[in-house]
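The values are calculated or read from the model by the stated rules, or taken from the named source; none is laboratory data. What you see is a predicted model, and the numbers here were worked out from it, not measured in a lab. Please note: Cβ atoms are built from the backbone with ideal geometry, for glycine as well, and neighbour counts cover all protein chains shown. We work out accessible area using only protein heavy atoms, side chains counted, and drop any ligands, DNA or RNA first. Shrake-Rupley method; radii C 1.70, N 1.55, O 1.52, S 1.80 Å.
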Amino acid sequence: QVQLTESGGGTVRPGDSLRLECAASERTWSIAWFRQAPGKDREFVGVITWESKIRYTPKSMEDRFSVSRDDAKNGIILLMKNLQPDDTAKYYCAGRKAGGLRTQRQDYEYWGKGTLVTVSS
């Protein structure tokens, strides 16, 4: 059973950057980030494959969000820049042992508990 733990959330001002981390108890083939704002569906943010480091971020987010691997900490990073109030959400990392750059939440079998990001002036 893979355990995922997110960290790095908090309250920031519009225009700030934030770095979220996802620590995995063991390697999985793909790790993705999703977010869920109050009253909204869970939204895909980005994904990276563990071994090849191939990654994908939706075009609507790729200029501000990036996913990378932290080899030293055995984790996955979500770097977010120029945050706006609409980015306020709980951010989750999810693991998939079968690999691939999947974007749907049902494709991931392991989930962390999430970390809250609030963007407010």
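All other residues whose Cβ lies under 15 angstrom from that of Pro38 are scored, Lys and Arg at +1 and Asp and Glu at -1, for a net of 0.
How much accessible area per residue does segment 1-80 have, counting only protein heavy atoms and a probe of 1.4 Å, in square angstrom?
Numbers: 4280 Å² over 80 residues.
With all protein chains present, segment 1-80 gives 53 Å² per residue.
Legend: residues Arg102, Arg55, sorted from most to least accessible area (1.4 Å probe; ligands, DNA and RNA excluded), read Arg55, Arg102.
Can you give the local net charge around Gly114? Use residues other than it whose beta-carbon is closer than 12 angstrom to its beta-carbon, Lys and Arg +1, Asp and Glu -1. Net charge around Gly114: +3.
Semi-axes of the equivalent ellipsoid of the chain: what are they in whole Å, largest first, if each equals the square root of 5 times a C-alpha gyration tensor eigenvalue?
Rounded to whole Å, the semi-axes are 22, 14, 14.
Cα centroids of segment 91-121 and segment 67-85: 13 Å apart. Electrostatic tally near Arg96: other residues with Cβ closer than 11 Å to its Cβ, Lys and Arg +1, Asp and Glu -1, net +1. Restricting attention to segment 14-97, which GluC sites (Glu not before Pro) occupy a DSSP loop and are surrounded by at most 15 other Cβ atoms within 10 Å? Here the GluC sites (Glu not before Pro) that fit, given the DSSP loop and packing criteria, are Glu26, Glu51, Glu62.
Share of segment 32-118's accessible area from carbon and sulfur, percent, 1.4 Å?
Numbers: 2070 of 4550 Å².
Exposed carbon and sulfur together represent 45 percent of the surface.
Sorting Asp107, Asp41, Asp87, Asp16 by solvent-accessible area of protein heavy atoms yields Asp41, Asp16, Asp107, Asp87, largest first, with a 1.4 Å probe. Straight Cα distances below 12 angstrom link Lys53 to the aspartates and glutamates Asp70, Asp71, with same-chain residues fewer than 8 positions distant left out. 3J(HN,Hα) along segment 70-87, derived from phi through the Karplus expression 6.51 cos²θ - 1.76 cosθ + 1.60 where θ = phi - 60°, amounts to 9, 5, 5, 9, 6, x, 10, 10, 10, 9, 10, 10, 6, 5, 10, x, 5, 7 Hz, with x in place of Gly and Pro.
Here each label is just a point 7 Å from Cα along the line to Cβ, and for Gln106 and Lys53 those points are 3.4 nm apart.
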